[in-house]
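Contents: one structure, followed by commentary.
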Amino acid sequence: MAPSSPPVAAWELGIRLREARELVDLSSTDAAKSIGITQNYLSNVEHGRRRIAEEKLENLLTNYGVYEDERKELLALRRASDGSGWWSRYSGLFSPELVRFFGYEHGAHEVHTYEGAMISGLLQTEKYSRAVHSGDAANLRKSEVERRVEARSRRQERLSGPNPLNATILMTEGALRQQVGGPEILAEQLEHLLALMAEYPDTLDLRIIPFSAGAYCALGSSTFHLLTFPSARLVRLGWHETVTSLNLVESELKIHQYSVAFSEALSRAADREGSKQLIRKALQEIT
């Protein structure tokens, strides 16, 4: 079971409110008007981007004819959506969409990640992470680097604890050889990967796609993640990173396309033992 996450609770509440409204064939404009808010505000609530006052939620549920048991569940979700997680401390540093992603990732049960160019953020050492951010001097001030390294370390806490994230992470063999920070930092990073694989054998599945894999759909793609949540009410979410944009992916069609691309890439990857051997080989060649 994943830990509680206010953004995930707000998202589920929004989905269920939209479903309840549609069951009584009420437009969002009329529903919003009935409790004295704007249609735009209600739309943001239904998409998990805004919170609704409990009194107004009560009125909305009455208008929707929601029965007592579900009413209690929705009010509980409203209370769970209050507060903030560790990611809120970085709202001035990252875009609202990225901060939301941190909240979703924290509340996810499972993540599938494809990383073609460097070590996945969830697995980076502090020195490697610092080298990554320092390398983006064109877009980042030096004063931002340490806070971004800190935020990345906080994300990594989901790999451990009583309810760890189930992570399947694909990386290319090239990511093992790109000397981010230089040979010593990379060597430390590769040793860290082997240590993580040994420490979390049941929840971390790190696979390496060898150079010999040939062409596949995700080859050349930038980083993407697919998140799965404990609640059956919540659909899979995607996250895609490019040089100029960071985007949550909610389109059912696009999620399907990313899922197919991930599955194909996974089929080209070495198995767990083969992946360890590729990491050891890269490590031996730089030490």
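Any chance you could check the Cα centroid distance between segment 5-73 and segment 202-266 for me, in angstrom? Each part reduced to its Cα centre gives a spacing of 31 Å.
Each of THR172, THR228 was scored by other Cβ atoms within 10 Å of its Cβ. Arranged with the fewest first, they read THR228, THR172. For segment 6-80, the spread of Cα coordinates along the three principal axes comes to 27, 25, 20 Å, biggest extent given first.
Near VAL66: Cβ cut-off under 12 Å, other residues only, Lys/Arg at +1 and Asp/Glu at -1. The net charge is -2. Rounded to the nearest whole Hz, the Karplus-based 3J(HN,Hα) values (6.51 cos²θ - 1.76 cosθ + 1.60, θ = phi - 60°) of segment 168-178 follow the sequence 10, 10, 9, 9, 7, 4, x, 5, 6, 10, 5, with x at glycine and proline. Going by the alpha-carbon gyration tensor, a ≥ b ≥ c the square roots of its eigenvalues, is segment 128-177 rounded (a/c under 1.5) or, if a/c is not under 1.5, prolate (a/b greater than b/c) versus oblate? Verdict is oblate for segment 128-177.
Modelled spin labels at ARG50 and LEU219, positioned 7 Å past Cα toward Cβ, are 4.8 nm from each other.
The overall shape of segment 170-230, judged from the alpha-carbon gyration tensor, is oblate: a/c is not under 1.5, and a/b is no greater than b/c. Modelled spin labels at LYS72 and THR203, positioned 7 Å past Cα toward Cβ, are 3.0 nm from each other. Each of SER34, SER81, SER263 has some number of other Cβ atoms within 10 Å of its Cβ, and from fewest to most they run SER263, SER34, SER81. Bridging of LYS276 to lysines at a Cα separation below 25 Å is possible for LYS127, once same-chain residues fewer than 8 apart are set aside. Neighbours of HIS192 by Cβ distance under 12 Å: Lys/Arg scored +1, Asp/Glu scored -1, total -3. Once the C-beta distance of GLN277 and ASP82 is scaled by a Förster radius of 51 Å, the resulting FRET efficiency is 0.60 to the nearest 0.05.
Would you please classify the overall shape of the chain from the alpha carbon gyration tensor, given that a ≥ b ≥ c denote the square roots of the eigenvalues, rounded means a/c under 1.5, and beyond that prolate means a/b larger than b/c while oblate covers the rest?
On the way: a/c = 2.39, a/b = 2.03, b/c = 1.18.
It comes out prolate by the Cα gyration axes.
Computed from the coordinates by the stated procedures, all read-outs in this text should not be read as laboratory data. Bear in mind the structure is a predicted one, so any value in this text is a computation, not a measurement. Cβ coordinates were reconstructed from backbone atoms using ideal geometry, including for glycine residues, and neighbour counts include every protein chain displayed.
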